[in-house]
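What follows is a single structure, written as structure tokens, with notes after it.
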Amino acid sequence: MPTREAVLDALSGVRDPELDEPITDLDFVSGLEIEDGAAFVRLRLPTYFCAPNFAYLMVADAKAAVLSVAGIEQASVVLDDHYASDEINTGVNEHRGFDGAFPAQADGDDLEELRTTFRRKSFVSRQEQLCRALLSDEFTTLDLSDMSLEDVPPSRDFETYLERRAELGLDIGPDAPLIVDPDGNRVPEEAVVQHLRFARTVRVSIEGNASLCRGLLATRYGIQDKKEATA
Amino acid sequence: MTVTWLNWGRKGNLLYEKDSEKYFVVDEHMHFWDASPENTTNKYGEGFIKCFYDYHANLSPDEYTWTFEKYRKYTEEDIMHDLFEVGHVDKAILQSTYLTDFYDNGFNTIERNHTLVDKYPDKFLSNFGFDPRNEEKGLEILERDFEKYGSKGVKLYTAEWKGESHGWKLDDPWSLKHLEKCQELGIKNIHVHKGPTIWPLNRDAFDVADVDRTATLFPDLNFVVEHVGLPRLEDFCWIGTQEPNVYGGLAVAMPFIHAKPRYFAQIIGELLYWIGEDRLMFASDYAIWQPKWLVEKFVDFQYPEDPEFDDYAEITTEIKRKILGLNAARLYDIEVPEEMQLATAGSATGQIAADPANPA
């Protein structure tokens, strides 16, 4: 029988597309029951009016993640306390697609374009985070613009960067340049400083949103904001 | 109670002063809402005010946190006290958010807001809105509202629900027609407030690209992006570098100064870098937050001592004065006390804290 740990581990692979963090770290998973190969998951979000498209993606991704666990044959994922809980839960669990869940409100059946937009932002943000660490580690901007992936010392930031880069389908081979734009084009040496300057704004935005959402969730449910002390 | 209010004229002329520096304060985005149970139409109205309350409770200092009951419907006396008696505000701009699908008589309509302007014309300005989904009829309503209220600005909430529709974009054809009408009437300040829904619902509702396109089409109008584009700060910063007629309202960004001061420092640092000191405006979003502590903390604000903040340009007293009131006064032709004009006479106008890189 699949363990609780195995299912939670699978759920930790699901990220909030806007906040670029696992739904498990964000405390969005509020319940998990497993019985005879069937998993029942409850999710919650920081507000009643969180954007329904991102909410839908998280519920759908959570369902797919749970079903990927060996021994889980059935999965039901339910979003609580959201204005569109009924539409989202029915839409995901009955495989209606986003436009089937929100007829007349969407102009397409999938959310892949939205997902890609936010994967690009995550990539840029993680690149900046890695480069900032490298710059404080004696490397210069000039070094960074010349570096290939094989030149980068191992770190958690680097692993995360490679994951986000791979998600966009970009080259992660050892010879590939470290600093590329979200389309995979190498950023020319003279543009690296400007490129990283804007990337910093993207990172500040994402990290700030995550911090706000953690706080709102804590207030909404009367729970401890796990990261408040370090915010 | 009325007797106390008679003193405001005198008190209101005393500018907020700290360390021998004076500040003229314009609160460019505040509310006089009614979300009482009696006025709440459905579960969406209930959810909306609860969501607003969590923003209030999460980011306010304890001593400024109200009960949910009080928060749903506060009084004229609360506003006058919190803004003008103790809150250091010299002029406040009431923004209208109708939400008539959620609240029987609307959340805060121009009719409700304007009662305060009628009573205290030296304290308040009020903005109405328009809804492009009213099409031709909307243009008539806009003209009628302008004749009646004479506002110099409109507040637009693009996530507003109206029957089956859950939102609209600023560059929708009927929206452009309404903006043409604004230009014709002399309504020059367009406050844009994004929310979680839009048409089509599968797109990012917070995206401000429509503001970018529209600001290009109407170079003589000022577009004030409320809460500086949050949660899309980066998109707002980007369009701010492209469009000289795009401004940032600091509602929702301000309160981080207490609960998440490092994040506030990052946001304000980014904004000053990309947008500059002449296009950012203070707002409390009252009654979500109270201006007293926001103004006091902002006047005292310094970047944390940390390498992360080393390359942000210093926030001088002059910059704080502009953000707290002088920038909004310029947009709304608000008369600034003589002593403040003297205080700013020596500074170059249009000076930017740091030249943004041009990533284009």
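Nothing in this text is a laboratory measurement; each read-out follows from the coordinates by a stated rule. None of these values were measured; they are calculated from a predicted model. No Cβ is skipped: glycine too gets one built from the backbone with ideal geometry, and neighbour counts run over all protein chains shown.
Values for this structure:
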| item | result |
| --- | --- |
| Region B:92-172: GluC sites (Glu not before Pro) in DSSP loop, at most 12 other beta carbons within 10 Å | B:Glu164 |
| Rounded, prolate or oblate (a/c below 1.5 giving rounded, otherwise prolate when a/b exceeds b/c) for region A:61-149 by Cα gyration tensor | prolate |
| Those lysines that a straight Cα-Cα span of less than 17 Å connects to B:Lys297, excepting residues fewer than 8 apart in one chain | B:Lys18, B:Lys22, B:Lys260, B:Lys320, B:Lys322 |
| The protein assembly as shown: equivalent-ellipsoid semi-axes (sqrt of 5 x gyration tensor eigenvalues, Cα, Å) | 39, 30, 23 |
| Exposure proxy order (Cβ contacts within 10 Å, fewest to most) of B:His227, A:His95 | A:His95, B:His227 |
| Rounded to 5, the percent of DSSP beta bridges in the protein assembly as shown classed as antiparallel | 40 percent |
| Ranked list, fewest to most other Cβ atoms within 10 Å of each Cβ, for B:Cys51, A:Cys50 | B:Cys51, A:Cys50 |
| Cα lying deepest toward the dipole's positive end in chain B, options B:His191, B:Gly150, B:Pro37, charges on Cβ | B:Pro37 |
| Fewest-first ranking of A:Met1, B:Met30, A:Met58, A:Met147, using other Cβ atoms within 10 Å as the exposure measure | A:Met1, A:Met147, A:Met58, B:Met30 |
| 13 Å Cα-Cα reach of B:Lys188 towards aspartates and glutamates, excluding residues that sit fewer than 8 places from it in its own chain | B:Glu180, B:Asp220, B:Asp333 |
| 21 Å Cα-Cα threshold exceeded, pairs from B:Lys155/B:Lys292; B:Lys43/B:Lys73; B:Lys91/B:Lys119 | B:Lys155/B:Lys292 |
| Helix-derived mean residue ellipticity, 222 nm - over chain A, DSSP H n ≥ 4, -39500 (n - 2.57), to 500 | -15000 deg cm²/dmol |
| Global geometry of chain A, whether rounded, prolate or oblate, following the gyration tensor of its Cα atoms and the 1.5 cut on a/c | prolate |
| At least 15 Å along the helix axis (C-alpha) and Kyte average at least -0.5, DSSP helices within chain B | B:43-59, B:261-274 |
| Angle in degrees between helix A:112-135 and the longest Cα principal axis of chain A, rounded to the nearest 10 | 40 degrees |
| Three-way shape label, chain B, alpha-carbon gyration tensor, a/c 1.5 | rounded |
| Cross-link partners of B:Lys70 among lysines (Cα-Cα below 18 Å; sequence separation of 8 or more within a chain) | B:Lys50 |
| Cβ charges +1 (Lys, Arg) and -1 (Asp, Glu), total dipole of the protein assembly as shown, debye | 1320 debye |
| Helix A:192-221 axis, angle to chain A major axis (alpha carbon atoms, nearest 10°) | 30 degrees |
| Net charge over other residues, Cβ less than 14 angstrom from the Cβ of A:Met1 (K, R count +1; D, E count -1) | -4 |
